[in-house]
Amino acid sequence: MDFAYIHNTCISSPIRSSSPRPLSCFSRVSISILKTTRIPTAFRRIRFRNMCSASGADTLVAGSRKEDGKSREVFSKKEEESGDLKSWMHSQGLPPCKVVLEERPSHDENYRSIHYVAASEDLQAGDVAFVVPNSLFVTLERVLGNESIAELLTTNKLSELACLALYLMYEKKQGKKSFWYPYIRELDRQRGRGQLAVESPLLWSEAELAYLTGSPTKAEVLERAEGIKREYNELDTVWFMAGSLFQQYPYDIPTEAFPFEIFKQAFVAVQSCVVHLQKVSLARRFALVPLGPPLLAYRSNCKAMLTAVEGAVQLVVDRPYKAGESIAVWCGPQPNSKLLLNYGFVDEDNSYDRIVVEASLNTEDSLYQDKRMVAQRNGKLSIQVFRVHAGNEKEAVSDMLPYLRLGYVSDPSEMQSVISSQGPICPVSPCMERAVLDQLADYFKGRLAGYPTTLCEDEALLTGSNLEPKKRVATQLVKLEKKMLNACLQATDELINQLPDHTVSPCPAPYAPLLK
């Protein structure tokens, strides 16, 4: 089994009788253990043996080993012998449904095609595509066997994703003994690739991350990677809280058994296909659902969601589908930067797409405290984040202006007038308004200059058919960011052109607001 990409999906347990069992019961272990337990030397003696097995074929680094035609053929025969994911689910209690698994070729000829969920018959809006019973999806409550412990873990340095990723790695080691083996096998096939067959930038090389130069997303990727590293260092917390874990899984403690790169792959995989359920307890809000993502496509303009119903999760489609068409679900109100980071794709029709402008009052200003009070009175902070949504750039610029004007006030008597006024009103002289607008225009120009390519060059690149998938999705992202920045710059220039006297020089601003 080529579990190259167990990063994002499966939590459950080895088969016992005919149903999965909890990972362990934590309730009898005191939390003080977290601070005082030391790693037994007996475990350290087998570290190198386990590290070798973890980095071998059992848990491959995604993309580190190319699949040749022979290995693909063997894999396909094994699948034919044991049945696909949907067949296994039916054998374990999945009710009759209106979907099938289809496949599309991978962009990379070295990797196998990926599966996707398609309609098995014509569907109308409001039809139930499938219903997955509780026994066939996994939540943190099921994994840990205790809701209160689940909530404790996720409020104490470890996220749900980290716990699920750890569980998935141990389940992978169980091989065919795991109840979830067919699901894990499907995840291996997907290799964490979403609908565009592109991995999250968290797994891109340094050269591939350079595609995002100029975009704040690049810094977000690096920051998220650091966060994953911090969670990896806390994994032993889960181990020592689980009193029976040593008996259920005869392996070394997490940081001894799994190198960081393997954990990062597992984390990214869980991140890309976990479903966020609504109106459930905290310990059940993140679920790994076979037939869910990445087999379902995400779409920003879709209203269909996987929803929790009594004893199950179901999908009700929001639009008609012809038999054979790929079925999509809503991915939530996420900008394209998050879609790329979490799922490896960019949505050109994303009405939730946005860029961020951070403005802050100058702390060296003698009027800083007064300005901070006025800003708070009007619902703003001393460090204020403005979200510029696609299509609403002009409105966003107008929203920034009162805050920036406040930062330009330098006369104490004017500041007193502002304090006594109601609303975000500042006395605006022509020279102050010119200074505010010039600073804003220079800011947008500076951000655009930070990209190595222009908007026109991006559009020309995207017209080609041979653009490498990661390069294509990165170019889509930066192109859409530049369109929003250009629209902001255009809105600012229009305001400059509306000034009554273009000969007025901008006011000096020793304590102008800071923009980043």
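The values are calculated or read from the model by the stated rules, or taken from the named source; none is laboratory data. These numbers were taken from a predicted model, which means no experiment stands behind them. Cβ atoms come from the backbone with ideal geometry, glycine included; neighbour counts cover every protein chain shown. The protein model used for the area step is the full one, side chains on, heavy atoms only, and it has no ligands, DNA or RNA in it. Shrake-Rupley method; radii C 1.70, N 1.55, O 1.52, S 1.80 Å.
Restricting attention to the stretch 425-470, the residues that are of a type in the set (Phe, Trp, Tyr) and in a helix (DSSP H, G or I) add up to 2.
Among the residues of the stretch 427-440, at least one is open to solvent by 40 Å² or more (accessible area, probe 1.4 Å), modelled with pLDDT under 85 and hydrophobic (A, V, I, L, M, F, W, C).
The rows are residues; the columns are (1) open to solvent by less than 50 Å² (accessible area, probe 1.4 Å); (2) at pLDDT below 90; (3) part of a helix (DSSP H, G or I); (4) not aromatic (Phe, Trp, Tyr).
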site	(1), (2), (3), (4)
ARG142	no, yes, yes, yes
ASN156	no, yes, no, yes
ALA165	yes, yes, yes, yes
LYS172	yes, yes, yes, yes
LEU196	no, yes, no, yes
VAL221	yes, no, yes, yes
ILE228	yes, no, yes, yes
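You will find that of SER326, SER300, SER360, the residue that is surrounded by fewer than 23 Cβ atoms within 10 Å (Cβ to Cβ), in contact with a strand residue (DSSP E or B) (Cβ under 9 Å, 6 or more places away or on another chain) and outside the structural domain of CYS273 (by the TED database) is SER360 and no other. Considered as a group, the residues in the stretch 373-411 that are of a type in the set (D, E, K, R) and surrounded by fewer than 18 Cβ atoms within 10 Å (Cβ to Cβ) include one that is nearest to the chain's Cα centre (by Cα), and that residue is ARG387.
Restricted to the stretch 351-365, and to residues there that are in contact (Cβ under 8 Å) with a residue 60 or more places away in the chain and in a loop (DSSP other than H, G, I, E, B), the residue that is farthest from LYS470 (Cα to Cα) is ASP365.
If you go through the stretch 335-349 and keep only what is at pLDDT 95 or above and assigned to a loop (DSSP other than H, G, I, E, B), you end up with just PRO335.
Can you tell me which residue in the stretch 111-137 is nearest to ARG185 (Cα to Cα), limited to those that are among the acidic types (Asp, Glu) and open to solvent by 50 Å² or more (accessible area, probe 1.4 Å)? Checked the stretch 111-137; the qualifying residue nearest to ARG185 (Cα to Cα) is GLU121. Taking first residues from the stretch 133-151 that are closer than 18 Å to LEU168 by Cα and among the β-branched types (Val, Ile, Thr) and partners that are open to solvent by 30 Å² or more (accessible area, probe 1.4 Å) and at pLDDT 70 or above, the Cβ contacts under 7 Å between residues at least 6 apart in sequence or on separate chains come to THR139/ARG284; THR139/PHE286.
Just name the residue that is farthest from LEU406 (Cα to Cα) out of those in the stretch 486-516 that are touching a strand residue (DSSP E or B) at 6+ places or on another chain (Cβ under 7 Å) and outside any loop (DSSP other than H, G, I, E, B). Looking at the filtered set, the residue picked out is CYS488. Applying a threshold of 6 Å to beta carbon distances and a minimum spacing of six or more residues, or different chains, the list of pairs starting in the stretch 330-348 at a residue that is on the phi > 0 side of the Ramachandran plot and ending at one that is open to solvent by less than 30 Å² (accessible area, probe 1.4 Å) reads GLY344/GLY194; GLY344/VAL198; GLY344/GLU199; GLY344/SER200.
Among the residues examined, LYS471 does not qualify as charged (D, E, K, R), farther than 30 Å from LEU381 by Cα, in contact (Cβ under 8 Å) with a residue 24 or more places away in the chain and buried (at least 19 other Cβ atoms within 10 Å of the Cβ).
For PRO506, the stated conditions hold: it is in contact with a helix residue (DSSP H, G or I) (Cβ under 6 Å, 6 or more places away or on another chain), in the same structural domain as VAL388 (by the TED database) and open to solvent by 40 Å² or more (accessible area, probe 1.4 Å).
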